1. Looking at (1) crowded, with 22+ Cβ neighbours inside 10 Å; (2) at pLDDT 95 or above, which one does residue 149 not meet, given that it meets all the others?
2. Just give me the residues in the range 252-279 being under 22 Å from the mean Cα position of the chain (by Cα), crowded, with 16+ Cβ neighbours inside 10 Å and not in a strand (DSSP E or B), in sequence order.
3. Out of 23, 29, I need the residue that is over 30 Å from residue 123 (Cα atoms), touching a helix residue (DSSP H, G or I) at 6+ places or on another chain (Cβ under 7 Å), modelled with pLDDT of 90 or more and not in a loop (DSSP other than H, G, I, E, B). Which one?
4. Please find, within the range 99-131, the residue that is surrounded by the fewest Cβ atoms within 10 Å (Cβ to Cβ) out of those that are touching a residue at least 60 places away in the same chain (Cβ under 8 Å) and touching a strand residue (DSSP E or B) at 6+ places or on another chain (Cβ under 6 Å).
5. Please work out if residue 451 is part of a loop (DSSP other than H, G, I, E, B) and within 22 Å of residue 128 (Cα to Cα).
6. With the condition kept exactly as written, say whether any residue in the range 290-299 is in a loop (DSSP other than H, G, I, E, B), touching a helix residue (DSSP H, G or I) at 6+ places or on another chain (Cβ under 7 Å) and over 30 Å from residue 49 (Cα atoms).
7. Every residue in the range 141-172 that is part of a loop (DSSP other than H, G, I, E, B) and over 28 Å from residue 445 (Cβ atoms), please.
8. Does the range 519-535 hold any residues that are surrounded by fewer than 16 Cβ atoms within 10 Å (Cβ to Cβ) and under 17 Å from residue 234 (Cβ atoms), and which are they?
């Protein structure tokens, strides 16, 4: 459990009063969903936090209550992370973080250090380990945690969230023994040559122990939301598509909204049908707190797992595990029943699909359900990482939104080659193919899986290269996209993915004044320079919420 105190003064700051404001002398940029760029020299913000006028350098500026000199800096739309997990991100900042570890030994040292500094915590919880980064060649074991912490349960999520690693006390708390069968859609890793659990549980098997971990308290969730907002604003993120929202998370958001502490815009998706009904009742909620909060759908509905834990559902076996094709976390019937239950009350549905078989199954389900559920449904496929090329054109049908995460490509490149082999990569992270087929594209980070750094994501999208410029020429470079297209996917496209177009996402009259001042023009920067973009100021609804010099 988290033992953190909340500084009431930091969380209960009153919102300043609005007034008409002119922001002048800027290199202004906006972009629509198709990547068409408009440039301007000044913005007028009204006393409701909306954009009143967009001025060229030839337009006469009106008289306003306040005037701010932009000093020639670049002003651009606030970035929208179309897919992340706000509460998990915040909690990850308050618990054990193994995401930077380069070896098993380094992870063990961090686990031991954390346990020593938190002697009263009944469980040690955290996330971020990656056996691929450690070059371990296998999953870690319970014994390897026991060697450093054996006095209380330890339960640590893998970087992708689709597997978790526990010590012997955690396994015992969940009743996981040699007699425990693998649950449907999940797998218990076993000690070689036996049925004894080795220490890692994958996908649906995680719930055996997840259910035993003490949940965060309300004050923990309040602090986690505060920490998440701070991080997002520093990185220029003004709105998010927030996945897996529980009723407990929703109440934390409502507490923040009621007290004026909610700044980020949350396009929320319920974690389950039960949460969806508790929060929305008979349909999506209205927009609350000046367009800062809405539950619009159900998501993400997990059709399969992830490549890193070999849980992504593939049409052919894994190249590095020939007896395994991954996990179908839901049967076809279960998937369609869940989608139907949400769609019947006009909730948007966001379905997690990583492997090519999972993507094909989701496309089949959408095709079948679209006969009964007509109109603008905007079915969302989250990740769409590995798609059979024959299925790529199908994404253009029924208004499907491809919600993808550019940095997954650089993080997973070497692993993806090992998992699939060289002949199944044509539909991997296929951003350009999506756009060429007329598919609405929205970009995000899947944070806390990846850092919520949209300018790094833009750099990957235009180069298919990592921070070291590797591989030369880019990985599968035929799938690069332009800077304008990448910016659109992080702004107008991401707003469209959450039914928020016309409210925010572009800088034009009538929309919310959510914008950034940055130290360079992202549309004129190299990929390497894009990675170095510095957010100078972040504004949401006409209010400055972050300044780099403060």
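1. (1)
2. 252, 253, 256, 257, 261, 262, 263, 264, 271, 275, 276, 279
3. 29
4. 99
5. So residue 451 fits the description; yes.
6. no
7. Within the range 141-172, 141, 147, 148, 149, 150, 151, 152, 153, 167 meet the criteria.
8. Those that are surrounded by fewer than 16 Cβ atoms within 10 Å (Cβ to Cβ) and under 17 Å from residue 234 (Cβ atoms): 519, 532, 534.
The values are calculated or read from the model by the stated rules, or taken from the named source; none is laboratory data. None of the values given here were measured: they were computed from a predicted structure. Please note: Cβ atoms are built from the backbone with ideal geometry, for glycine as well, and neighbour counts cover all protein chains shown.
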